[in-house]
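What follows is a set of notes on a single structure, which appears directly below.
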Amino acid sequence: ELSQASSALTSNAEAMGALLARLGLLVRFDPATELPELHDLSPAELVALRRQAYRLLGDYTFRNELSKPDGPIHRIVRLAMGGVNPSENINEADLHLTEADFRVDANVFEDLGPELLGLVRSLSNRALRADIAALCDSYLSRAKAEVFMGQRTDLLEVFEDVREEIAARGQELCLLIEDLVLLHGIDRQLAQALTIPASSGLCKLRSAIAVTS
């Protein structure tokens with residue numbers, strides 16, 4: 001399943017399209033009535049924000065603006081696809097969406113109708129940009145995991161299967177993670193997997209994880 005998920009993405013452009021499409025669906029249709037990142041919004045305000053974010057993420061021109069070379073989505077996908085120079089220092093902020101990423105030129109949208117143009121112009125309001133960015137970023141790690149690993153892949157099950165096999169061989173598993181930041185999207189599942197203790201059926205696990213430059 002992991003192999004199929006990775007082989008399904010043939011280019012950064014395809015990965016950006018898949019990520020934005022999945023992110024839009026999660027933003028719009030997740031049933032949560034409150035989010036820790038937007039705790040000051042009422043349920044009704046969150047619903048309205050979901051509609052606005054989904055309308056933006058679903059627009060071809062707006063998606064192109066986010067996906068420009070070295071733009072926010074290109075940056076995130078490049079890191080997720082492994083396009084990192086070994087000498088490059090990656091900041092965790094590079095893997096998140098911020099209000100600055102949603103600052104776009106409204107003139108690009110003038111021919112696309114008053115409804116979308118009005119919504120894009122409203123992004124000149126920094127507070128609204130910040131709310132939309134927070135909403136999208138709250139679903140970004142989940143969207144990345146589903147796009148780059150496949151929606152059916154459960155990292156905990158993968159780890160359990162591997163550890164059972166290694167235990168059957170009478171061996172231990174040593175896990176070396178060079179940069180935890182690059183595992184954004186599966187970092188929480190990984191943390192859970194690392195806390196499951198060894199048993200007669202699961203091999204011992206030793207891990208070394210780098211979390212800073």
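The values are calculated or read from the model by the stated rules, or taken from the named source; none is laboratory data. Quick caveat: nothing in here was measured; it's all calculated off a predicted structure. So basically every Cβ, Gly included, is an ideal-geometry build from the backbone, and we count neighbours across all protein chains shown. Surface accessibility is based on the protein's heavy atoms, side chains included, excluding ligands, DNA and RNA. Shrake-Rupley method; radii C 1.70, N 1.55, O 1.52, S 1.80 Å.
Can you give me the solvent accessible area of LYS204 with a 1.4 Å probe, rounded to the nearest 10 Å²?
120
Considering only protein heavy atoms and a 1.4 Å probe, what is the carbon-and-sulfur percentage of the accessible area of the chain?
Ligands and nucleic acids excluded, carbon and sulfur reach 51 percent.
Quick one, which of [x] 7, 29, 32, 20, 8, 3, 0; [y] 9, 28, 28, 20, 12, 3, 0; [z] 8, 32, 35, 20, 5, 0 is the actual P(r) over Cα pairs in 10 Å bins from 0, in percent calculated for this model?
Answer by label: [x].
Under a crude label model (7 Å from the Cα following the beta-carbon direction), how far is GLN171 from LEU35 in nanometres?
Rounded to a tenth, the inter-label distance reads 4.2 nm.
Find the accessible area per residue for the chain; the probe is 1.4 Å, ligands and nucleic acids are left out, and the unit is Å².
Accessible surface, normalised per residue, equals 56 Å².
I need to check one value: relative contact order of the stretch 18-105, counting alpha carbon pairs closer than 8 Å and at least 6 residues apart, in percent.
That works out to 23 percent.
For the stretch 28-93, what is the charge dipole size about the Cα centre, in debye to the nearest 20, if Lys and Arg each add +1 at the Cβ and Asp and Glu each add -1 at the Cβ?
So the magnitude is around 360 debye.
Each label point is 7 Å from the Cα along the Cα-to-Cβ direction; what then is the distance between the points at LEU112 and ASN91, in nm?
Placing both labels 7 Å beyond Cα along the Cβ direction yields 2.8 nm.
Charges at C-beta only: +1 for Lys and Arg, -1 for Asp and Glu. How large is the resulting dipole of the chain about its Cα centre, in Debye rounded to 20?
100
In percent, what relative contact order does the stretch 82-213 have, based on Cα pairs under 8 Å that are 6 or more apart in sequence?
This gives 25 percent for the stretch 82-213.
I want to verify a result. In a Gaussian network model of the chain, Cα cutoff 10 Å, which of these has the top mean-square fluctuation: ALA168, ALA100, ALA143?
For the chain, modelled as a Gaussian network with Cα springs under 10 Å, the answer is ALA168.
What does the helix-only formula give at 222 nm for the chain: each DSSP H stretch with n ≥ 4 adding -39500 (n - 2.57), the total divided by the residues, and the result rounded to the nearest 500 deg cm²/dmol?
-16000 deg cm²/dmol
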